[in-house]
Amino acid sequence: MQTYQTVPAAQAVKQTWLPRLLWAPAQHLGLLFLRLSGALLLLYVHGLPKIINFAGELQHIDDPLHVGRAFTLGFAIFAEVLCPVLIVPGILTRLASVAVLVLLGVSMFLVHADWSIAEGQFGWLLMIVFGSIALMGAGRFSIDAALSQKAED
């Protein structure tokens with residue numbers, strides 16, 4: 001008597017990348033969503049305007065740590081432009097998120113310490129987003145994860 005081994009349909013479908021993405025554990029999709037939405041929002045709302053209006057920003061930026069306006073603006077551009085560019089594909093994600101958190105901490109606790117929770121809600125929400133990413137990492141759908149898996153093989 002001949003026996004046939006059957007592969008469950010769900011397992012056969014999981015072989016391709018699109019179903020793997022759609023069937024991924026919710027935490028990995030959630031981290032992908034957090035990375036993309038948080039980083040692109042930070043880049044669009046804060047980073048790009050600083051690059052476009054560099055001279056004007058240099059005139060008006062606060063320097064709460066007294067390290068110089070140029071250094072302060074340079075760090076802000078690093079945290080609001082370069083770090084989001086790294087976070088989107090998931091490259092050095094935790095480190096980049098920590099840099100963003102440092103900038104947000106200085107902004108919320110030193111520059112805008114007089115703001116109410118309502119006035120600073122965008123900054124607090126960004127701290128929650130990038131704090132979550134820093135704690136959990138980039139997730140499965142990232143270059144960090146691909147490099148980690150390649151190193152294990």
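Please verify whether A138 is under 14 Å from the mean Cα position of the chain (by Cα) and not in a helix (DSSP H, G or I), treating the condition exactly as stated.
Values: under 14 Å from the mean Cα position of the chain (by Cα): yes; not in a helix (DSSP H, G or I): yes.
Taking the combined requirement at face value, the residue satisfies it.
If a residue has to be open to solvent by less than 50 Å² (accessible area, probe 1.4 Å), out of contact with any Ser or Thr (no Cβ under 6 Å at 6 or more places or on another chain) and in a loop (DSSP other than H, G, I, E, B) to count, how many in the range 81-106 make the cut? Reasoning before the result, please.
The first filter runs over the range 81-106 and keeps only residues open to solvent by less than 50 Å² (accessible area, probe 1.4 Å), leaving 81, 83-84, 86-90, 93, 96-97, 99-101, 103-106.
Applying the additional criterion that residues be out of contact with any Ser or Thr (no Cβ under 6 Å at 6 or more places or on another chain) yields 81, 83-84, 86, 88-89, 93, 96-97, 99-101, 103-106.
Then keep just the ones that are in a loop (DSSP other than H, G, I, E, B); that gives 88-89.
Residues flagged as open to solvent by less than 50 Å² (accessible area, probe 1.4 Å), out of contact with any Ser or Thr (no Cβ under 6 Å at 6 or more places or on another chain) and in a loop (DSSP other than H, G, I, E, B) within the range 81-106 amount to 2.
May I ask you to say which residue of F109, F33, F78 is closer than 22 Å to I133 by Cβ, open to solvent by 60 Å² or more (accessible area, probe 1.4 Å) and either among the hydroxyl-bearing types (S, T, Y) or under 10 Å from the mean Cα position of the chain (by Cα) (or both)? Even if it seems obvious, please write down each step before you answer.
Details: F109 fails: either among the hydroxyl-bearing types (S, T, Y) or under 10 Å from the mean Cα position of the chain (by Cα) (or both); F78 fails: either among the hydroxyl-bearing types (S, T, Y) or under 10 Å from the mean Cα position of the chain (by Cα) (or both).
The conditions single out F33.
Among the residues of the range 112-135, the ones that are under 18 Å from the mean Cα position of the chain (by Cα), open to solvent by 50 Å² or more (accessible area, probe 1.4 Å) and among the aliphatic types (A, V, I, L, M) come to 3 in all.
The values are calculated or read from the model by the stated rules, or taken from the named source; none is laboratory data. Because the structure is predicted, anything quoted here is derived from the model rather than measured. So basically every Cβ, Gly included, is an ideal-geometry build from the backbone, and we count neighbours across all protein chains shown. Only protein heavy atoms, including side chains, enter the accessible area calculation; ligands, DNA and RNA are left aside. Shrake-Rupley method; radii C 1.70, N 1.55, O 1.52, S 1.80 Å.
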